[in-house]
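A short write-up of the structure that comes next.
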Amino acid sequence: QVQLVESGGGLVQPGGSLRLSCAASGIIFSTYALGWYRQAPGKQRELVAQIFPGGSTNYRDSVKGRFTIARDNAKNTVRLQMNNLKPEDTAVYYCNANWNGRQYWGQGTQVTVSS
């Protein structure tokens, strides 16, 4: 059984930082592309950051320079370090694992950026 379990969300003031973690089980972790997506109320789910098996990364423009995605294949975890958070980053963040079109999702973790 495949499981992706996110943690690390919460409430933070603008300019603050949070680190999200996703622990995976039931997959050959090192072979999967891993991503963080987010969905704000009334909006479509969007890709935030992605890291491929070889370590290359991809970020949406609005988070470049503020967010960093990293994977630890030994621990089957992927993290998203989020710095200089803005109110528009408020959303539910989802972990995603993708291999050859086969996708798995976590349950999501809420990130709220507000003063």
**Message:** Here's a check for you: in the stretch 1-33, which residue that is assigned to a loop (DSSP other than H, G, I, E, B) and among the hydroxyl-bearing types (S, T, Y) is modelled with the lowest pLDDT?
**Reply:** Y32
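Name the residues in the stretch 10-33 that are closer than 14 Å to Q103 by Cα and open to solvent by 70 Å² or more (accessible area, probe 1.4 Å), would you?
Within the stretch 10-33, just I28 meets the criteria.
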**Request:** Within the stretch 34-53, count every residue that is part of a loop (DSSP other than H, G, I, E, B) and either of a type in the set (S, T, N, Q) or open to solvent by 50 Å² or more (accessible area, probe 1.4 Å) (or both).
**Result:** 7
**Residue under evaluation E6, criteria (1) open to solvent by 60 Å² or more (accessible area, probe 1.4 Å); (2) under 10 Å from the mean Cα position of the chain (by Cα), criterion not met** = (1)
**Asked** How many residues are surrounded by fewer than 20 Cβ atoms within 10 Å (Cβ to Cβ) and over 18 Å from G26 (Cα atoms) when one looks only at the stretch 80-107?
**Response** 8
**Request:** Scan the stretch 64-84 and report the pairs whose first residue is at positive phi and whose second residue is surrounded by 15 or more Cβ atoms within 10 Å (Cβ to Cβ), with Cβ atoms within less than 8 Å and a gap of 6+ or a chain change.
**Result:** N76/A23; N76/A24; N76/F29; N84/R66
**Asked** Looking at the stretch 54-67, which of its residues are more than 13 Å from the chain's Cα centre (by Cα) and open to solvent by 70 Å² or more (accessible area, probe 1.4 Å)?
**Response** G54, D61, K64, G65
**Fill in**
Checked the stretch 34-60 for anything modelled with pLDDT of 95 or more, within 14 Å of Q110 (Cα to Cα) and not basic (K, R); matches are W36, Y37, Q39, A40
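The values are calculated or read from the model by the stated rules, or taken from the named source; none is laboratory data. The shown structure was predicted, so the numbers you read here are calculated from the model rather than taken from an experiment. Ideal geometry is used to build each Cβ from the backbone, glycine not excepted, and the neighbour counts take in all protein chains shown. Keep in mind that these areas ignore ligands, DNA and RNA; they rest on the heavy atoms of the full protein, side chains included. Shrake-Rupley method; radii C 1.70, N 1.55, O 1.52, S 1.80 Å.
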